[in-house]
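The values are calculated or read from the model by the stated rules, or taken from the named source; none is laboratory data. As the structure is a prediction and not an experimental result, all values here were calculated from the model. Neighbour counts are summed over all protein chains in view; Cβ atoms, including those assigned to glycine, are modelled from backbone coordinates with ideal geometry.
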Amino acid sequence: MTKVGLVKGEDRFINVFQALVNAGEEVKQKIHGKVRPDVAVLDGFHSFEGEPVPQCARGKKVDLKIAVAGSDFVAVDTITAKVLGFNPQDIGYLAYSAEDGYGTWDLSEIKAVGTPIEEARRPLKPAPRIDVLLSWGK
């Protein structure tokens, strides 16, 4: 059965995000099949914590002042998850992406160069609905 995510609400970004969550892994896998980045760059200069995802300028502002870049978006997001205090193994899209051969999330296969992870580490307070994000892999 094909799933289609549908959400009505006042916040455009939350609606789109929740619709994608509702549509499930099939949608994300199809997107990955069409779009395969050669380079991943994550700008983490500022972030927000403790409010609904996406936290687009809501919640408590946090000055992370980090950037993460690499040729493997799964590895980039894995390192970023560690820096932000999340277990990459709990993040569904990373599991599916690694399983499908889009990159690695195995920390023993990733060499972070530059600032050590522990020095950059700044755990963020999770969003109230972090369970939705974590359910992607289940």
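Among the residues of the stretch 98-121, those that are crowded, with 16+ Cβ neighbours inside 10 Å and assigned to a loop (DSSP other than H, G, I, E, B) comprise Y102, G103, T104, W105, I110, A112. Taken residue by residue, the stretch 69-76 has no member that is assigned to a loop (DSSP other than H, G, I, E, B), in contact (Cβ under 8 Å) with a residue 24 or more places away in the chain, surrounded by 16 or more Cβ atoms within 10 Å (Cβ to Cβ) and among the small types (G, A, S). Regarding V39, is this residue surrounded by fewer than 17 Cβ atoms within 10 Å (Cβ to Cβ), modelled with pLDDT under 85, among the aliphatic types (A, V, I, L, M) and touching a helix residue (DSSP H, G or I) at 6+ places or on another chain (Cβ under 8 Å)? When the stated conditions are applied, V39 does not pass them.
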